[in-house]
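This report concerns only the one structure given below.
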Amino acid sequence: MKKIVLVLMLVLSALVMSGCNETVPAGYVGKIMGKNGWEPEVYPPSKVWLANNIWNINHEKLFLVQTTTQKFVQPIKVLLKDKLTLNAAIVFRGRITQNKKVLNALFNDMPMNDNIVRTSEVYNTYGKMIVLNTAREVISKYNVDEVNKNYERITEELYSAIKPKLKGLPIDISDVTIGDIQYPKIVTEAIEKAKQRRMLIEQEKAQVQIDVTKAKGREQVAMAEYRVKMLQAKQIRDFNKMIASGLTPDLIELKKIEKWNGVLPSTTLGSNTSFIVTK
């Protein structure tokens with residue numbers, strides 16, 4: 001009987017002292033909600049003891065807040081200084097603050113429907129409107145032609161303008177930049193037409209260069225042919241000149257005799273009479 005009583009007492013003691021362990025995973029912090037509200041401690045990733053025994057009617061519950069850094073791409077539409085509309089994206093990295101005082105306030109301020117507060121939820125609640133409004137203020141000071149020329153400057157201005165406005169809020173951001181810029185249709189069409197004109201001009205320049213090169217080639221060929229013909233003409237001229245300088249009356253008469261065929265001219269004196277007429 002004593003043994004039975006001892007066993008029952010041990011079982012009862014275990015039930016009284018029972019509870020459970022829950023885990024705060026990596027990339028999160030946790031906070032316990034007890035019967036009297038939030039406990040003061042913010043737990044880093046670790047095992048957390050919840051005193052949930054059979055006598056505790058109001059069970060303790062563990063809630064989590066995500067603390068990992070995430071990349072955000074926030075689409076934005078901006079009316080520029082020249083009244084044209086620019087579509088772009090504000091790209092940055094963001095995370096829930098590590099400031100414990102701000103974190104404690106966050107547990108009270110965010111809905112805990114699934115026991116987890118995510119970075120995207122905190123950004124949408126605290127940061128989105130600030131990012132959008134501030135980015136519009138910065139970018140709208142430029143006209144469409146200036147945006148691309150001042151890309152680096154705009155990026156610096158965005159970070160410098162947004163960062164102070166998030167001070168004291170539960171969201172921290174870094175590496176702010178502008179991306180995925182989509183210019184107005186009228187601008188893209190004008191750029192395309194200008195590009196086509198430049199291409200046509202370059203093609204025309206290339207064709208002119210080809211034509212000039214061909215013309216120079218033809219000129220060089222013509223000059224070479226001219227020099228050949230002139231040389232041939234000079235040769236003929238010099239040859240004729242040399243021949244002409246060697247001609248004398250006696251040489252001419254000799255050439256005539258060399259060409260005689262041996263047939264005597266006929267006369268009225270008879271066919272058997274031969275004579276030579278001289279000058």
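Bear in mind that the values in this text are calculations on the coordinates, not laboratory data. These numbers were taken from a predicted model, which means no experiment stands behind them. So basically every Cβ, Gly included, is an ideal-geometry build from the backbone, and we count neighbours across all protein chains shown.
One table, with the values for the structure above:
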item: Karplus (6.51, -1.76, 1.60) ³J(HN,Hα), θ = phi - 60°, over the range 109-123, in Hz, Gly and Pro reported as x; result: 9, 9, x, 10, 4, 10, 6, 9, 9, 9, 4, 4, 5, 5, 4
item: Violating pairs (Cα-Cα greater than 19 angstrom) within the set Lys83/Lys141; Lys31/Lys128; Lys83/Lys165; Lys31/Lys101; result: Lys31/Lys128; Lys83/Lys165
item: Gain on full stretching of the segment that runs from Glu137 to Ala222 - 0.36 nm per residue minus C-alpha separation; result: 23.6 nm
item: Gained length - Lys100 relative to Tyr159, 0.36 nm times residue gap less alpha-carbon distance; result: 18.8 nm
item: Sorted by Cβ density within 10 Å, fewest first, the residues Arg197, Arg95; result: Arg197, Arg95
item: Sorted by Cβ density within 10 Å, fewest first, the residues Trp38, Trp49; result: Trp49, Trp38
item: Contour minus Cα-Cα distance for Lys229 and Leu200 (0.36 nm per residue); result: 6.2 nm
item: Efficiency of FRET between Thr213 and Ile181 - r from beta-carbon atoms, R0 45 angstrom, step 0.05; result: 0.60
item: Inter-probe distance in nm under a simple model that places probes 7 Å from Cα toward Cβ, at Ile243 and Leu79; result: 9.9 nm
item: FRET E, pair Arg93, Asp114, Förster distance 30 Å, beta-carbon r, rounded to 0.05; result: 0.80
item: The range 129-191: trypsin sites (Lys or Arg not before Pro) in DSSP loop, at most 11 other beta carbons within 10 Å; result: Lys167
item: Cβ-based exposure ranking for Thr68, Thr177, in which fewest neighbours within 10 Å come first; result: Thr68, Thr177
